[in-house]
Structures are given as structure tokens and as C-alpha cells.
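Data first, discussion second: the structure below is written as C-alpha cells.
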Amino acid sequence: MTDRTKQIIKLRLKGIPYNEIARKLGTSKGNVHYVCNKYVKDNDKLIKENRHRVFSTGFAARRKGFYKYHANNCIIAKERWLHRLHRYSDQSLVHYVSGLYDGEGNHTGTGWQISNSNPHIVGVIVKFLSKVLRARFIGTLYLHKTHDKRSCIRYWKSFGVPVNSLVQKDDRRQCKNNTFRENHGTMRVTVRSPLGLNLALSEYSYKIK
């Protein structure tokens, strides 16, 4: 056994990868691989440990970089939303929708959703998103299976509320007192790209208080 072979075995037992051993000793990776497979005990276990260490380190770095990138984008988007909120002339509309979202909006995650069965209120929300924020949004109409689709869609569109998609299902909890017949469904308005919007509305409401 040559001195180089002994050095390869010694370095490999310390858990050093093939590439680094080959670079330190000035030999090829194939030679290091051959020696380790022939003389090093539990070489397969060392290979798995090296792979796990490289993967976990790289994943942590990518995750850290993603969070930093996402945080920077949120700050940039928040400033853009705030500029549009403060710039609009009718601040009463902004105050109304921001308060409505605080009370009835969906605050889970980074999405921006708000649901209501009153077409006048939903019309105000649509006006706010289209004129104040100039944001792209989707209107999803939720109906009971006994609702008439066409009449409900015409009803909502008559108030200027777009119906982009429709969900119709049988929910027995709504059937106890036949409450589903008293309205024309519930409209959920969802902003497509809401990055930073929640932060902007929170900061706007805080400054008002």
C-alpha cells in the first residue's frame, strides 16, 4: 500500500468528500473512488452522510435567500399599494373598504379575499379594487344547489359585479331555515397578485387611528 493510498484512506475516514481529497492530493476522483471502495470500511455510509450534508446546507441557503428575496419584494409592493391608497381623491371609500376588510376579510396567509352576500357592498369592493388599487381580481359566486344559476348571475352582473367562476353545492347547514332562498348567493372577491397588500392596508389603518 503506497503512501498516497494511506493518505486517501485517512482523509476519507474523516468524512472528507472525494472531490476535496482529489484536490488536496493532486490525484483523480476516480482513483480516490477506487481506493475508498476497496479499503475504507462503511464507505457507503459516508457517501450518504456527505450527500445529506451537502443537500441540507444547500437547501438552507436557498431557503434563506428566498425569504430575503420575498421580504424585499413585499416591501416594494407595499409601498406601491400605499402610494395608490393615499393618492386616491375619495378617501372615504378607502376608509370604508379597509375597515370592511378588517372585520370580514380573510387574514390567513398572504392572500386577499373578502366575501359578502350584499351586492351593494360587493360593488363598493369591486370599485375599490378597480379604481383605487387598479388590481386584478376574481369574483367567485357560491350558490346552493337549489339556486337558479342564470338568474343569480344576471342579478350580480346587474350591480356591476363580475362573475368569473361559480361554485354550487348542497350544504345542509344552510337548509335548516331555507335561508338560501332569501339571497342570490355569496360573492367572494379574490385579488390575483396580493403581495404586500395586507401590509399596506394594516399600515394605512394604523396611520388613520
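No value in this document is a laboratory result; all are computed from the given coordinates. Source: prediction; values computed, not measured. Ideal geometry is used to build each Cβ from the backbone, glycine not excepted, and the neighbour counts take in all protein chains shown.
What to note about this one:
- Near residue 122: Cβ cut-off under 12 Å, other residues only, Lys/Arg at +1 and Asp/Glu at -1. The net charge is +2.
- For the pair residue 165 and residue 1, label points projected 7 Å from Cα toward Cβ lie 6.5 nm apart.
- Theoretical gain in end-to-end length, residue 131 to residue 24 [0.36 nm per residue, Cα-Cα removed]: 32.0 nm
- The packing ranking, built from the mean of other Cβ atoms within 10 Å per residue, places the peptides 81-89, 136-144 in the order 136-144, 81-89, highest first.
- Zone residues, region 16-32, relative to residue 43, backbone N less than 14 Å from point 7 Å out along Cα-to-Cβ: 16-19, 21-22, 28-32
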